[in-house]
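Readers should treat all values here as calculations from the given coordinates under stated rules, not as data from a laboratory. Since this is a predicted model, take the numbers as computed values, not measurements. Methodologically, a virtual Cβ is constructed for each residue, glycine included, from the backbone with ideal geometry; neighbour enumeration extends over all protein chains shown.
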């Protein structure tokens, strides 16, 4: 039991106190400068970087979704516009076709009319020239008849008949 | 841990226990063997010792005026060299040694600081020994000069110093040769009552059949713990100091490696040692520093808290490594006292106006209560570091003693049942208990480092807190 009285680990000695103080202070100073501060700052920086990249990612995602919504909206508008354009085109086409038909009809009827008028005019002209021809022929015949001096009646009748048979309309 | 590992570990521990046993059995006879070998050594160094002794007396021995003692020494030294080798124990003072195992003594011996770093009984690493005696000046030498043997008891004096239980003692009785190296016999102790009725143990070295009183190194407990100012001071790189240096270097190396990894690639995921350290580092930062000191000020104190935590943890674990000397630095009151003093200084020089106001003139209480609270708080100022100091030293020393006691079962059983069979029975009991205790001590190593740090953080937090009334 003698050792309990001089319990050496609990006896404060100058030498160990001196070395403990010196070593701990050196340890503290060197570790603070070369290890703990750099590590603490690196950790802080890394945490900050991670946080900011996460924030950035969130922001980017937000932007993306915004962009997408806008795109969708634009697409919808474009689709609507396209439909409208198509409808309009269709209407225009139909109208154009109808117009063309109408015009064609009108033109056709106009042409027909012109043709009719022409035909009528031609007819009239033909009739007139026929009348003139017939008159001339009648005069010819009459001339020839007159020139034969009416030698016999029968002969004259024959002549007239032959002349008349020569007159062929058309 | 998987089952095969447990088997290997158990086998390993049994082998180790048997080795310890055999060493112990050896030890019972080794005292005489050591003495013989030391005697041979002395013969080899006879001339050196002789010359040295002469030089010392001629040039430095008498400067302090104790000439009577000096002359006596000279005669003794001559006598010792001429015919003293085998007559160190003429009167049989060393004969009464009991070979019975002394568990208390062994435990205290193993957790004490020392001037030699022993690994089992096999390897004894000498340490630089710096001794200062006001009446004879400084001594710088390696502790191998003491020729320590079994139980770290030296066989050779060096300039009036001897090694007993691994520690340097100074011979104070006149007549002992204070210069050079001299072979001596065993150590004896006497228990007496001092003037206050306290038991006091005095150690003696037996030299040439006579007992010479030894002075233990000076301690500044004023006799409270059995020490006091004596004739010399020990500033050696002791076992504890060496352990501190090694642990500090190891930690510095590891953290430097981690710090470089952060510098090299700041945003890479940590790996290896960096990852391990970062986990603990961030735990201390997030669970200790920031909650107690606050987001704003913690960076100022973080290096201090980290230094405390990792230094204490490193030393706790270093002391737990089997067969590495089982150094007991954090279980040493001197070491924890220094830490406590540093904590006290750091806390109080950072104390703000509110802190001091809360101690000496507590706001919000009736005036007649204020002085009472001031007394209590004032005492608290000192009690806080005092508890830090005692808690850490007590816990770690207790852990070491528990493990040593369980290992001691091997020898206690050996003594009770006699010889190897008792040792084996003791080993069978000792291994599970020791394994359990070691596992517990690893937890304690972390817990005590953590507790010390968290309490320090809370004291700093209290000292720097901004109060809003």
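Side notes on the structure shown:
- Rough spin-label spacing in nm, given labels placed 7 Å along Cα→Cβ, for residue A:95 and residue A:45: 7.2 nm
- Computed FRET value (nearest 0.05) for residue A:113 with residue A:64, which takes r as the C-beta separation and R₀ as 51 Å: 0.10
- Over chain A, DSSP H runs of length four or greater, each weighted -39,500 (n - 2.57), average out per residue to a 222 nm ellipticity of -32000 deg cm²/dmol.
- Here the calculated FRET efficiency for residue B:102 and residue B:140, from their Cβ-Cβ distance with R0 = 41 Å, stands at 0.75, rounded to the nearest 0.05.
- Look at the stretch B:230-240: the mean tally of other chain Cβ atoms within 10 Å of its residues' Cβ atoms is 3.
- For the stretch B:199-328, the equivalent ellipsoid derived from the alpha-carbon gyration tensor has semi-axes of 44, 19, 12 Å in decreasing order.
- Counted residue by residue at 0.36 nm each, then reduced by the alpha carbon distance between them, the extension gain from residue A:123 to residue A:106 reaches 3.6 nm.
- Taken along the Cα-to-beta-carbon direction at a fixed 7 Å, the label points for residue A:143 and residue B:287 span 14.9 nm.
- One chain, two ends: residue A:163 and residue A:83. Fully extended at 0.36 nm per residue, the span grows by 20.6 nm beyond their Cα-Cα distance.
- Cβ neighbours within 10 Å from other chains - mean over B:334-343: 5
- Full-stretch length increase - residue B:317, residue B:300 - with 0.36 nm per residue and alpha-carbon distance subtracted: 3.4 nm
- Here each label is just a point 7 Å from Cα along the line to Cβ, and for residue B:250 and residue B:440 those points are 2.4 nm apart.
- Take each residue in B:260-267, count the other chain C-beta atoms within 10 Å of its C-beta, and the mean is 4.
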